[in-house]
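Step one of this worksheet: look at the structure below.
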Amino acid sequence: MAVQISPSILSADFARLADEAARVPNADWLHVDVMDNHFVPNLTLGLPVVEALRKATSTPLDCHLMIEDPDRWAPAYAEAGAGSVTIHAEAAKAPVRTLRQIRSLGARAGFALNPGTAVEPYAGLLGEIDMLLIMTVEPGFGGQRFLDLVLPKVRAARELISRHGGEVWLQVDGGVSGETIERCAAAGADVFVAGNAVYGAEDPAAAIDHLRGLAGGVSR
């Protein structure tokens with residue numbers, strides 16, 4: 001599939017989110033990091049902001065729920081109009097039910113794994129998801145250094161997806177930049193979350209084009 005770039009608004013100006021969304025008209029998605037200060041040590045934004053942002057942009061929202069009890073809260077993000085809702089393996093207690101609820105509400109269902117969580121035990125869930133997210137930093141804060149040690153897991157995830165068949169996207173999130181995106185693409189990722197690499201650039205739209213070109217030029 002074609003490379004997709006999902007700029008993270010965690011690195012944008014929270015006081016001007018509608019304007020910040022407009023600065024990346026060429027983004028495939030807007031990545032929305034929802035953090036509750038419990039599952040991760042940071043508090044960002046929640047459902048009301050997602051609802052407001054949905055009205056302010058036509059770019060689909062890629063909501064990444066780094067929260068406790070995603071089984072309770074994830075369906076509401078789909079109902080609010082998110083195009084994709086991702087829950088964490090480490091937090092979900094009823095992942096199959098929750099992933100099916102997300103899909104039934106018209107959103108793509110994503111499943112995320114922290115750097116220390118192995119992918120192989122979740123191979124049986126590939127039929128329930130539309131996207132597998134491999135965290136390439138410890139979740140909680142933007143601007144962290146990319147963890148190369150996660151690349152073998154990205155490769156393993158791509159192999160599992162290939163054996164499974166169907167179309168499951170493979171997303172990476174954390175430290176993705178012009179210096180790291182080619183390694184991620186070579187390992188098999190096709191959807192890339194980029195925060196500082198996009199919103200820290202003078203021209204965010206040009207930064208997206210640059211990242212897309214780098215990832216798209218990699219032979220897997």
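Readers should treat all values here as calculations from the given coordinates under stated rules, not as data from a laboratory. All values derive from a computational prediction rather than experimental measurement. Glycine also receives a Cβ, built like all others from the backbone with ideal geometry; neighbour counts cover every protein chain displayed.
Starting from the exponent 0.38 and prefactor 2.2 Å, build the expected Rg for segment 4-216 from its residue count and divide its actual Cα Rg by it.
Working: Rg = 15.6 Å, N = 213, 2.2 N^0.38 = 16.9 Å.
Compactness ratio reported: 0.92.
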Tally Lys/Arg at +1 and Asp/Glu at -1 over every other residue whose Cβ is under 11 Å from the Cβ of I5; what's the total?
-> -3
Can you tell me the equivalent ellipsoid semi-axes for segment 68-188? Use √(5λ) from the Cα gyration tensor, largest first, whole Å.
-> 23, 16, 13
So which residue, out of W73, W169, W29, gets the largest mean-square fluctuation from a GNM of the chain using Cα contacts under 10 Å as springs?
-> W73
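List the relative contact order of segment 4-216 as a percent without decimals, with contacts defined as Cα pairs under 8 Å and 6+ residues apart.
About 20 percent, as a whole number.
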Extending each Cα 7 Å along its Cβ direction at L149 and E179, get the distance between those two points in nm, one decimal.
-> 1.9 nm
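Which of the GluC sites (Glu not before Pro) found in segment 103-175 are in a DSSP loop and have at most 11 neighbouring Cβ atoms, other than their own, within 10 Å?
Numbers: sites: E128, E159, E167; in loops: E167.
Passing sites in segment 103-175 are E167.
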Among G165, G195, G116, residue whose mean-square fluctuation peaks in a GNM of the chain (springs only between Cα atoms under 10 Å) = G165
Among R54, R158, R72, which one shows the biggest mean-square fluctuation in a GNM of the chain, springs joining Cα atoms closer than 10 Å?
-> R72
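Within 10 Å of each residue's Cβ, count the other Cβ atoms and sort K55, K153, K93 from fewest upward.
Working: K55 8, K153 21, K93 11.
Arranged by neighbour count, lowest to highest, K55, K153, K93 become K55, K93, K153.
Take every Cα pair under 8 Å in segment 1-46 that's 6+ residues apart, average their separations, divide by the length, and report that relative contact order as a whole percent. Can you show the working numbers first?
Numbers: 47 pairs, mean separation 17.0, N = 46.
Dividing the mean separation by the residue count of segment 1-46 yields 37 percent.
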What residues from segment 60-85 fall in the zone where the backbone N is under 11 Å from a label point 7 Å along the Cα-to-C-beta line of H38?
-> 67-73
